[in-house]
Amino acid sequence: MAQHFELHPQDPQPRLLRQAAQILHRGGLAAIPTDSSYAFVCHLDDKEAAAALRRLRGIDEKHHLTLLCRDLAELATYARVDNRQYRLLKSATPGAYTFILEATKEVPRRLSHPQRRTIGLRVPAHKVTQALLGELGQPLLATTLIPAGETEPLNDADAIRSRYEKLIDAVLDAGACPMQPTTVVDLSGGEIALVRAGAGPLAPLGLD
């Protein structure tokens, strides 16, 4: 049964964040709010939890999972970033963007794209997401909370809890999210390639 945490969206309660972090450290799956939509998340280093995350979404190993990072310094631990890429990332983070970059050796091979050795990374702006990442002290593995076989993310925490209460371990409820997926940009090929236009505006990327 999924544990329900009702969090203030601007000033989340530390006690509840600690409890949610403990669930994730134990290998649990959680639904959390972000600045684009709700997301399924799990501990980065838990192989079984990552596999469960993929089953829950109905996606295979070729689908990029995303690392939610606290800041650019943490992001650079898990992705190879040159000076040009860093300037671009700095102009667009934190925000509703996912960047596909070449993974470093810090990323378990099972989490990166099997052929390209790339990984999706982002620095979210949502205060609850940031506070949870701070409590964990490391990135979270994430995927947009879109039910398997559907195209739109779920936006209501009660509906998420009702639908997944026997499949996940926690729901962090901070009210509605924007219900729009992130803007996805592939930086792994040397040039900026727009994969998906979403919540993040294109102007900071020079793509408007």
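Across the stretch 147-155, in residue order, what do the Karplus-derived ³J(HN,Hα) couplings come to in whole Hz, using 6.51 cos²θ - 1.76 cosθ + 1.60 with θ = phi - 60° and x for Gly and Pro?
Working through the residues one at a time gives x, 4, x, 10, 10, 10, x, 7, 10 Hz.
Once amide H atoms are built 1.01 Å from N in the peptide plane, which residues 5 or more positions from Ala79, or in another chain, come under 5 Å H to H?
Thr104
Can you tell me, using C-alpha contacts under 8 Å and at least 6 residues apart, the relative contact order of the stretch 120-183 as a whole percent?
Value for the stretch 120-183: 26 percent.
What do you get when you divide the Cα radius of gyration of the chain by 2.2 N^0.38 Å, with N the number of residues?
0.95
Which lysines, on any chain, are close to Lys105 with Cα under 23 Å apart, when same-chain ones fewer than 8 places away are left out?
Lys47, Lys62, Lys90
So how far, in whole Å, is the C-alpha centre of the stretch 74-91 from the one of the stretch 138-201?
22
What distance in nm lies between label points placed 7 Å from Cα along the C-beta direction at Lys90 and Asp11?
My value for the distance between the label points is 3.3 nm.
Once you have the Cα-Cα distance between Leu202 and Arg26, take 0.36 nm times their residue separation minus that, and quote the gain in nm to one decimal.
59.5 nm
Could you work out the relative contact order of the chain? I mean the mean sequence separation of Cα pairs under 8 Å and 6+ apart, divided by the number of residues, in percent.
Normalised by residue count, the contact order of the chain is 33 percent.
Under unit Cβ charges (Lys, Arg +1; Asp, Glu -1), what dipole magnitude, rounded to 20 debye, does the chain have relative to its Cα centre?
The dipole of the chain has a size of about 540 debye.
Between Val195 and Asp156, what length comes free when the chain is fully extended (0.36 nm per residue of separation minus the Cα-Cα distance, one decimal in nm)?
My answer for the length gained is 11.4 nm.
Give, in nm to one decimal, the length gained when the segment between Gln138 and Lys47 is fully stretched (0.36 nm per residue of separation minus the Cα-Cα distance).
31.2 nm
Starting at the first residue of the stretch 77-91, write each ³J(HN,Hα) from the Karplus equation 6.51 cos²θ - 1.76 cosθ + 1.60 with θ = phi - 60°, in whole Hz, x for Gly and Pro.
My calculation for the stretch 77-91 gives 6, 10, 9, 7, 10, 8, 4, 5, 5, 4, 4, 5, 4, 5, 6 Hz in order.
Only the coordinates and a few stated rules stand behind these numbers; no lab work does. Quick caveat: nothing in here was measured; it's all calculated off a predicted structure. FYI the Cβ positions are ideal-geometry reconstructions off the backbone, even for glycines, and counts take in every protein chain you see.
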